[in-house]
Every structure is written in structure tokens, then in C-alpha cells.
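Worksheet for the structure shown next.
The values are calculated or read from the model by the stated rules, or taken from the named source; none is laboratory data. These numbers come from a predicted model, not from an experiment. Here the Cβ positions follow ideal geometry from the backbone for every residue, glycine too, while neighbour counts run over all protein chains shown. Just the protein is used for accessible areas: all its heavy atoms, side chains included, with ligands, DNA and RNA removed. Shrake-Rupley method; radii C 1.70, N 1.55, O 1.52, S 1.80 Å.
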Amino acid sequence: MELSHDDNNDLPLTKFESMLKTNHVLFFDSEEFENIIHHYLNQGRIALAKKAIKLGLDQHPASINLKLFKVEVYVFEDKLIEADTLLNELYILDPLNEEIYIQKANIFSKKEDHEQAIQVLKKALKLTDDVVDLYSLIGMEYLFLDQFEEAKEYFMKCLEEDMEDYSALYNVVYCFEFLNQTEGAIEYLNLFLDKNPYCEVAWHQLGKQYYTLKNYKKALAAFDFAIISDETFVGAYIERGKVLEKLKRFEEAIENYAITLKLDDPTSFALLRMGFCYEKLRKDDLAVQYFYKTVHEDPLLDKGWIAITRYYNRKRNYQKALYYINKAINIDSENVIYWKLYSQINQRLNFYEEAERGFKRTLELGNYELNTWLSRGDLLIRLGEPEAAIFNFEQALDFYPENAEIEYRLAGLNFELNENDKGIFHLKNGLRYNEEYAFIIDELFPEIANKMLVKNLLKTNQ
């Protein structure tokens with residue numbers, strides 16, 4: 001049996017994996033087993049962690065730490081009864097071990113008993129000098145309860161102990177944002193920066209708060225300081241670009257987005273924003289190049305496809321616009337704006353059935369704008385479907401009662417179907433609500449406009 005020990009941290013892991021391959025059992029001290037298990041758990045390799053725990057306990061059956069790893073795996077696998085039973089045994093052996101309390105709290109959290117988890121974690125606080133992780137765990141439990149003030153307090157405690165705990169800093173800002181306390185976040189971040197003036201994360205978050213308040217000058221200054229603190233901070237360049245766009249300094253915005261492409265792999269967001277900036281500068285050829293780069297980088301980014309669609313729509317190249325709007329819809333088929341644009345493009349191509357289908361889908365998705373009802377109904381009239389058009393306009397009246405534009409259309413359609421009583425009813429309604437829209441009869445129903453009955457009704461109202 002091999003008993004040697006090496007200070008090289010990788011050696012026990014290599015030796016352990018070699019042992020698994022050969023089935024030749026080697027000896028490890030309990031601390032080595034703990035490091036091996038910890039490594040596998042961090043990598044999410046649960047099966048290997050379980051093997052290491054079993055072998056570790058075979059060699060060190062009294063090790064509380066190894067048994068705590070066993071509890072951790074039980075909790076991960078939702079074997080909460082087994083975990084609780086083993087923890088109770090360990091508590092009897094070592095009632096002052098804070099890790100027992102942490103795992104107990106983890107079980108309560110898994111059961112969504114977050115209040116009880118918090119109480120247990122607060123007991124653990126009294127047993128350790130290493131309080132930062134516990135403050136963080138308590139903060140997370142308060143987040144689960146949507147108690148953001150309390151969560152914020154504990155994440156702030158983390159930062160009081162460790163000013164470089166950026167995870168806690170993000171969580172503090174998250175709590176401020178959820179509570180709509182933008183001014184409070186700014187005050188806190190400024191105080192934090194007084195103590196830690198080169199913290200790029202804090203400057204970045206401060207800039208975002210000023211951006212929310214539309215104080216673009218201060219936002220820009222904050223992002224500048226973030227970049228001074230870390231000139232490779234991609235997020236700061238991105239946010240700085242967004243501010244410069246708001247200030248209509250599009251060429252400078254492009255420069256900032258371009259820097260991010262050099263610092264890291266290109267992001268579809270930066271490429272898309274560069275395209276929009278070139279669009280604002282009326283450099284359409286460059287704009288569309290960047291839109292194409294956007295979708296090359298991320299073919300599933302519908303905003304990239306819609307930007308290309310709008311480019312070709314403006315250029316009146318409706319065939320290409322139709323091709324690209326279909327790509328956007330294939331990615332996000334629930335987007336009302338895309339369906340409306342789809343319908344408008346099809347109308348311009350005289351593809352009336354497809355245009356009508358688009359407006360119908362727009363209505364199904366809950367967009368009940370008057371123009372959508374009118375556009376769809378007019379297409380149904382053009383397609384020779386008067387009954388469907390009547391049904392469409394009757395539905396529209398539920399949303400827009402006493403609307404003259406709808407009433408004149410219903411009048412014309414009913415006259416077309418020789419439903420004269422209904423036609424008279426709707427025509428009188430239209431004239432009563434707004435006689436200036438009477439031209440709709442001439443425009444959409446020229447044959448009906450020449451009927452003596454209709455002429456008389458229109459004359460009577462003059």
C-alpha cells in the first residue's frame with residue numbers, strides 16, 4: 001500500500017484517478033480526500049465525488065467533514081430525509097460545527113422554509129469567525145422571501161468584511177433596483193467608492209444608476225472611471241457607448257463598441273448598436289454591413305434580422321424585406337411588431353392573403369389598435385370575403401364603439417349583401433358620429449354609393 005505524500009496539490013487527484021483505473025486501493029489522509037471531493041463537486045462530477053466519499057469513509061469512518069460531504073450530496077440529490085438523519089447524528093458528535101448548521105439550513109431552503117433556514121444560519125454566525133459566506137447565505141434566503149431590505153442589509157455586511165466581494169456588491173445593487181431606490185443606490189455606491197476608489201465594478205454600477213435617471217453626463221463620468229480602473233472592462237465600454245448614443249455622439253459610440261470587439265470575442269449587441277449608430281449617421285451601407293455581422297455572430301437574434309428587414313423596407317426592396325421578416329418571425333413568433341411589419345410588407349407586394357393573415361395574427365396576440373382592425377377588414381373586403389369582414393368590424397366595435405370609420409364599412413358591407421335594414425342602421429350611425437368619413441362609402445363601395453337609397457340618406461344629412 002502506498003503511504004507517501006507529496007505537497008503538489010495535483011498529485012492526490014492524479015493518484016486517486018489512477019487508483020480508480022487500476023482498482024488498486026491506495027491510502028489518502030482525510031484532508032486529501034476532502035480536497036479531491038471538493039474538486040469533483042466544484043466540477044459537478046457527482047459520481048466521482050460519491051466514489052471519493054465512499055472510499056474516504058472506508059479509510060476514515062470517524063471523519064465528520066467527509067460525512068458532511070455525504071450530506072451535501074444527499075441534499076444535491078434531493079434525498080432530504082437521509083441528509084437530515086445524518087446531520088442529526090453529526091450534531092450529537094459535534095454540536096459546535098458551523099457546517100452542520102449550514103447544511104441544515106440548506107435542507108430547510110430546499111423545502112422552501114426560508115424563515116427557518118435564516119434562523120439556523122444566524123445560529124451558525126455565533127460559531128465562526130468566517131462570517132462572510134454566512135452573511136451571503138442569509139442574504140440569499142431573504143431574497144427567496146422577497147424581503148429585499150433585509151437581503152440588502154446582509155449583502156452590505158459581506159462588503160464590510162470583504163470589499164472585493166463583487167457578488168455581494170451586485171446583489172446590493174439588485175436589491176436597490178428592485179426597491180426602485182435609485183438615489184439610495186447612488187448614495188451607497190459613492191460611499192463605497194470613497195473607501196475603494198479603483199473598484200471598476202462599483203463605477204460601472206454607479207454609471208448604470210445615473211443612466212436610469214437619464215443623467216447622462218454623470219453616467220459618462222462614472223463609466224470613464226470604470227475604464228480608468230480597468231481599461232479592459234468590456235461592460236464599461238458597452239455602457240459608455242449607450243450613453244454616447246443618448247447624447248447623439250454616434251461616432252464616439254461606435255469607437256467604444258469597436259474597442260469591445262478588440263478586447264473580447266465580438267458580441268451581437270455591440271455589432272447591432274454599431275449598425276444603429278451608422279444608421280443615425282445616414283451611412284446605410286455601413287449600417288447594413290453591421291446588421292449582417294450581427295446575425296452572423298448570433299443567427300438567433302431576431303433584432304438583427306428585423307434591423308435588416310427595416311433597411312430593405314426603407315429601400316423599397318420589399319422582396320428582400322419579406323425574406324428577412326420571415327426569419328425574425330421564425331425566431332419570435334409572438335412579437336406583434338413583427339407581424340404588423342410582415343403584413344405591411346405583404347400589402348406592398350400585393351400579397352393580400354398573407355397580409356390579412358398577418359393582421360389576424362396581430363389581433364390574436366392582443367394588439368387591438370384601430371388601424372389593425374381597419375387594415376384587416378379592408379383586406380377581407382378586397383379578397384371578396386364580406387361575411388368575414390363584417391365579423392371583423394363587429395368585433396372592432398366592441399373595442400371602439402361609436403366609431404364612424406367602422407360604421408361606414410359595416411354599412412357598405414351590409415348593403416352589398418342586400419341587408420338593407422342593417423346597412424341603413426350603420427350608415428345613420430356613421431353620419432351621426434362623423435359625417436366627414438362618408439367618403440369611405442365612395443372609396444370602398446363605389447357601386448353601393450350609386451344606389452338611390454344610399455344617395456338619399458347621404459343627401460338628407462347634408
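Helix-only arithmetic for the chain: the sum of -39500 (n - 2.57) across DSSP H runs with n ≥ 4, divided by the residue total, places the mean residue ellipticity at 222 nm at -24000 deg cm²/dmol. Under a straight-distance cross-link criterion of Cα-Cα below 15 Å, which aspartates and glutamates are reachable from K422, leaving out those fewer than 8 residues away in the same chain? The reachable aspartates and glutamates, counting only those whose Cα sits under 15 Å from K422, are E387, E394, E407.
Size descriptor for segment 42-120, Kirkwood hydrodynamic radius: 12.9 Å (Cα pairs only, one decimal).
Note on segment 304-344: Rg/Rh from Cα positions, Kirkwood definition for Rh, rounded to two decimals, is 0.92. Summary of the geometry: segment 332-405 and segment 146-169, compared by the centres of their Cα atoms, lie 52 Å apart.
Within straight cross-link reach of K428, meaning Cα distance under 30 Å, which lysines are found once same-chain residues fewer than 8 apart are removed? Hits, sequence-local ones excluded: K360, K451, K455, K459. The convex hull drawn around the Cα atoms of segment 244-316, when projected onto a plane and averaged over every direction, covers 4.6 nm². In the chain, the longest principal axis of the Cα atoms and the axis of helix 268-280 are about 40 degrees apart. Put simply, the Cα atoms of segment 105-242 extend 46, 28, 23 Å along their principal axes, the longest span coming first. Length gained on full extension, M163 to R314: 49.2 nm, using 0.36 nm per residue less the C-alpha separation. Considering only G412, T232, G56, and ranking their Cα positions along the charge dipole of the chain that arises from unit charges at the beta-carbon of Lys, Arg, Asp and Glu, the one farthest toward the positive end is G412.
Measure out, as a whole number of angstrom, how far apart the alpha-carbon centroids of segment 426-450 and segment 53-69 sit. Between the Cα centre of segment 426-450 and that of segment 53-69, the gap is 88 Å. Residues H114, H38, sorted by accessible area with the largest first, give H38, H114 [1.4 Å probe; ligands and nucleic acids excluded]. Relative to its Kirkwood radius, the Cα radius of gyration of segment 294-380 gives an Rg/Rh of 0.98. The figure for D130 is an accessible area of roughly 100 square angstrom, using a 1.4 Å probe on the protein chains alone. Solvent-accessible area of Y368, probe 1.4 Å, all protein chains present, reported in Å² to the nearest ten, please. That residue has around 90 Å² of solvent-accessible surface. Among the protein heavy atoms, those of L55 account for about 40 Å² of accessible surface (1.4 Å probe, every chain in place). Phi-derived couplings, Karplus 6.51 cos²θ - 1.76 cosθ + 1.60 at θ = phi - 60°, listed residue by residue for segment 42-49: 4, 8, x, 8, 5, 4, 5, 4 Hz, with x used for Gly and Pro.
When the solvent-accessible area of the chain is split by element, carbon and sulfur atoms take up 48 percent of it, the probe being 1.4 Å. Relative contact order of the chain: 4 percent, from C-alpha pairs under 8 Å at least 6 residues apart in sequence.
Listed by chain and number, the lysines whose alpha-carbon sits under 17 Å from that of K122, ignoring those within fewer than 8 places in the same chain, are K104, K152, K157. Taking the square roots of 5 times each eigenvalue of the Cα gyration tensor of segment 327-462, largest first, gives ellipsoid semi-axes of 30, 15, 11 Å.
The spacing between segment 281-295 and segment 207-249, judged by their C-alpha centroids, is 24 Å.
The phi torsions of segment 193-206, fed into the Karplus equation with coefficients 6.51, -1.76 and 1.60 and a -60° offset, translate into couplings of 6, 4, 8, 9, x, 10, 8, 5, 5, 5, 4, 4, 5, 5 Hz, rounded to whole numbers, with Gly and Pro shown as x.
Considering only the Cα atoms of segment 1-155, their convex hull presents on average a projected area of 10.1 nm². Taking 23 Å as the cut-off for C-alpha to C-alpha distance, list the pairs among K123/K195; K21/K50; K15/K54; K280/K315; K283/K315; K51/K111 that go past it. Violating the 23 Å limit, Cα to Cα: K123/K195; K51/K111. Take each peptide in 380-387, 312-319, count the other Cβ atoms within 10 Å of every residue, and average; sorted highest first, the result is 380-387, 312-319.
Can you compute 3J(HN,Hα) from phi for each residue in segment 416-423, using the Karplus curve 6.51 cos²θ - 1.76 cosθ + 1.60 with θ = phi - 60°, rounded to whole Hz and x for Gly and Pro? Here the 3J(HN,Hα) series is 4, 8, 6, 8, 5, 4, 5, x Hz. For the chain, the alpha carbon positions stretch 110, 52, 49 Å along the principal axes, listed from largest to smallest. What is the angle, in °, between the Cα long axis of helix 302-314 and the longest principal axis of the Cα atoms in the chain? Nearest 10 is fine, range 0 to 90. For helix 302-314, the angle is close to 30 degrees.
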